[in-house]
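The values are calculated or read from the model by the stated rules, or taken from the named source; none is laboratory data. Remember, it's a predicted structure, so these values are computed and weren't measured experimentally. Note: ideal-geometry Cβ built from the backbone for every residue, glycine included; neighbour counts use all protein chains shown.
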Amino acid sequence: MPMFRKLLSRICKPDRSAAAALVSKLPAYQVAFWPDGWDLEPGGGVLVRDTHAMAEARRWFALADRNGSRDDGRRVMSVHGVFVPRAIVDLADRRFASEEVASVAVQLIAGEWIAERRRRLLRSPERTFSERSLSWRGSRYKPDLDGQGVRALVEGLIRMAVYGGFIPDLDYRVLVHTVDGYGVVAYRCLVTAALDQDAAGEVLDVLGAALVPWNRVLIRDAVAVPWIGLELGSIQGAHQAEHFTVAMRGRR
């Protein structure tokens, strides 16, 4: 199995009793932002990241605000199983000095919801940790990259890979499409060049591995979704893909 797809497919499955014990001991902030809504920083701090559920809840809150909903959209969100308190949603991109401070903060603003969420996680603890294990972040992950930044990153990686002799020296075309849906924004990159099937697979693996330090895998409805996804296609097909909005030449 190719290197990049091996990394995406690693799943750790503790037995039920061990998983339940782990869920019971999870810090409150991890319960609040489960499965992939936090980064532990080198100094011991906690950086809050949007989860799919938080981003979707934010949309429902905005809709409720526009419609003047009396219950803040809570009833509709609960029906769809996506309710996250507004106070938790508003913590996205917030930094806390330590795990202890993060846990105290979320307990103060949403203690009852966190207790109920922990009970839900305990109903299927093995699945809880399997879902968490699907996510990962590269060591150089930069959350401020937009579509243009992703394009520039992939372009630079192509140039370095060509220069290093890891992929053929050809004309490459990179097309970037923003994939938003109802959660965290991701990017789909279509790389095209005059390659046969075997060579195309090798190029995909090289670029996928090169992207790892900057990439991450998001969890959407228990499914792993690469933040920067890669695909290979023919140049002719790329010309017909009107929904891809950014095109550039990747040759050195």
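Before moving on, here are some points about what is shown:
- Cβ-Cβ contacts under 9 Å between residues 6 or more apart (or on different chains), taken from a first residue in the range 50-65 that is more than 13 Å from W38 (Cα to Cα) to a second residue that is among the acidic types (D, E) and crowded, with 20+ Cβ neighbours inside 10 Å, are listed as R58/D50.
- One residue from G208, G229, G165, G181 being outside any helix (DSSP H, G or I), touching a Lys or Arg at 6+ places or on another chain (Cβ under 9 Å), of a type in the set (G, A, S) and modelled with pLDDT of 85 or more: G229
- Going through (1) under 30 Å from R58 (Cβ atoms); (2) touching a helix residue (DSSP H, G or I) at 6+ places or on another chain (Cβ under 9 Å) one by one, A186 falls short only on (2).
- Some residue of the range 111-131 being under 24 Å from Y187 (Cα atoms) and buried (at least 18 other Cβ atoms within 10 Å of the Cβ): yes
- With a requirement of 3 or more residues that are surrounded by 21 or more Cβ atoms within 10 Å (Cβ to Cβ) and either modelled with pLDDT of 90 or more or out of contact with any Asp or Glu (no Cβ under 6 Å at 6 or more places or on another chain) (or both), the helices (runs of 4 or more DSSP H) lying completely within the range 1-82 that satisfy it span 28-32, 52-67.
- Answer residue from the range 135-162, given it is touching a helix residue (DSSP H, G or I) at 6+ places or on another chain (Cβ under 9 Å) and modelled with pLDDT of 90 or more and is surrounded by the fewest Cβ atoms within 10 Å (Cβ to Cβ) among those: M160
- Residue count for the range 83-97, restricted to those that are touching a residue at least 12 places away in the same chain (Cβ under 8 Å) and exposed (fewer than 15 other Cβ atoms within 10 Å of the Cβ): 5
- Evaluation of Q107 against (1) at pLDDT below 90; (2) outside the structural domain of R220 (by TED's automatic domain parsing); (3) of a type outside the set (A, V, I, L, M, F, W, C); (4) closer than 24 Å to A57 by Cβ (one fails), failing number: (1)
- For the range 177-202, a residue qualifies if it is buried (at least 22 other Cβ atoms within 10 Å of the Cβ) and of a type in the set (A, V, I, L, M, F, W, C), and the qualifying residues are V184, C189, V191, A193.
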